[in-house]
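The values are calculated or read from the model by the stated rules, or taken from the named source; none is laboratory data. Predicted model, so just to flag it, every value in this text is computed and none were measured. Here the Cβ is made from the backbone with ideal geometry for all residues, glycine too, and neighbour counts use every protein chain on show. With ligands, DNA and RNA removed, areas are computed over all heavy atoms of the protein, side chains included. Shrake-Rupley method; radii C 1.70, N 1.55, O 1.52, S 1.80 Å.
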Amino acid sequence: MGSRRNIALYVNEACSFEVRDDLGIPECGEKEILVQTVYSGVNPADVVHSLQLGIRSTVLGYDFSGKVVSSASNSKFKPGQFVAGYTPTSLGRPIKYGTHQDFLVCPEDMCFTVPDHIPMSHAAGLTTVAMTAADVVFNLFKLPLQSLHQTLAEHNNPGPFLIWGASTSVGICTLQFAKAIGCEPIFVTASASRHSELLELGASKCFDYASPTVVSDVKAAVRDMAKGNLRYALDAAGREPDSSVPSLLEQCVEDARTETACVIFRAGTRMPLAVRHMDVTFHLKGTPHPFVIPASPDDHWRAWEALHWAVTNYNRTFKLPWVRECSNNARDALEEVIAIATLGKGAGKVVIKHPLLMSEHAIDPL
Ligand SMILES: NC(=O)c1ccc[n+]([C@@H]2O[C@H](COP(=O)([O-])OP(=O)(O)OC[C@H]3O[C@@H](n4cnc5c(N)ncnc54)[C@H](OP(=O)(O)O)[C@@H]3O)[C@@H](O)[C@H]2O)c1
């Protein structure tokens, strides 16, 4: 197994972020596996959940790829096998589930065997964003999962789709699911430097979300394409916190029947969730009590099937086009995790190579 030192990126109860090397090797519960982390994938949620939703006194991180160290004798995962996946979230989240540490624990039903055609760095960034996109497309919008397995000629076009912030990792996954099931046209917004890649991934037309005319440009394009009003619209960036004014996406929607969703809490629209097979409890900052998002197992396993399709078809009809490895110096990695929480710095999916190298400094609370 190599070194048994476990270095971790940790958030304490005061929301101060620090590097720890005193946590030891975590222990598995029932139907869980111990994994030596190869890469951990970074999400804005790693830090945002600590700041906004009360997930503290724990190791940061949800996504990973790694090598199985130990498993139950009847487990389908065997020591030495390469796996990837994600780990549970909820108030009081155990330290063992944080993925930004050199050894982590994962429930067996939240990981998959990494096939040879997926680099471990890419596998580490896939699960949370693909599950969130799948929840949008196949659960919130109720588009048919079986279409993933049909040919283009067999598709019944579900109708025009708009993805706001399509170069976020959630947006990229949504675009590729929508394309694979035959949605057409697909309008997307992103910075201009992303447009050519997004067109290759299946977008019909791209707009710069920073343009002062973006709303009227999108509306004109929907009219010019003459394929009907927008049927589906996802805000994959979730950037406009003031929900008392319509977001730019909402301003593009002219038909009350358009199905809308937003990746963060926003009044009047639905929010996807990456984990749906268990109740999830959060304590929203500034509110008196925690709240529970009840489990919705059918939705979860439908999204999991879409993830399986993405894994099987990786590098053919599905991929994360921009994956970047950051330094494995623990302090540098922690700074990167914090920076990614302020969406906008992103240039694709960032993954951290393990084992981490120890550094001694604490990072100030945000
Ligand atoms: N509900 C859930 O379960 C769940 C799960 C995962 C993520 N999320 C949320 O989904 C959002 C995206 O997460 P992610 O990991 O996919 O993000 P990401 O990959 O880190 O996204 C980075 C990209 O955001 C884009 N962006 C920044 N400001 C924007 C704006 N004003 N309008 C449109 N795009 C903008 C930039 O695109 P350009 O390069 O084109 O400028 C940047 O490249 C976050 O808010 C995250 O918290 C929710």
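Per-structure values
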quantity: Scope the range 220-271; condition more than 16 Å from the ligand (Cβ to nearest atom), assigned to a helix (DSSP H, G or I) and either open to solvent by 50 Å² or more (accessible area, probe 1.4 Å) or not assigned by TED's automatic domain parsing to the domain that holds Phe141 (or both); matching residues; calculated: Arg223, Asp224, Met225
quantity: Residue within the range 75-83 that is outside any loop (DSSP other than H, G, I, E, B), open to solvent by 20 Å² or more (accessible area, probe 1.4 Å) and out of contact with any helix residue (DSSP H, G or I) (no Cβ under 7 Å at 6 or more places or on another chain) present; calculated: no
quantity: One residue from Lys205, Lys179 being under 21 Å from Asn313 (Cα atoms), surrounded by fewer than 23 Cβ atoms within 10 Å (Cβ to Cβ) and of a type in the set (Lys, Arg); calculated: Lys179
quantity: Positions within the range 25-57 being surrounded by fewer than 19 Cβ atoms within 10 Å (Cβ to Cβ), touching a Phe, Trp or Tyr at 6+ places or on another chain (Cβ under 9 Å) and in a helix (DSSP H, G or I), in sequence order; calculated: Gln52
quantity: Near pairs, Cβ below 7 angstrom, 6+ apart or cross-chain, from the range 60-72 (open to solvent by less than 40 Å² (accessible area, probe 1.4 Å)) to any residue that is of a type in the set (A, V, I, L, M) and assigned to a loop (DSSP other than H, G, I, E, B); calculated: Asp63/Ala124; Phe64/Ala124; Ser65/Val114; Ser65/Ala124; Val69/Met1
quantity: Residue satisfying condition, being within 16 Å of the ligand (Cβ to nearest atom), among the polar types (S, T, N, Q) and either part of a strand (DSSP E or B) or open to solvent by 10 Å² or more (accessible area, probe 1.4 Å) (or both), within set Thr99, Thr132; calculated: Thr132
quantity: Selected residue (criterion: least open to solvent (accessible area, probe 1.4 Å)) from residues of the range 142-169 that are modelled with pLDDT under 90 and not β-branched (Val, Ile, Thr); calculated: His155
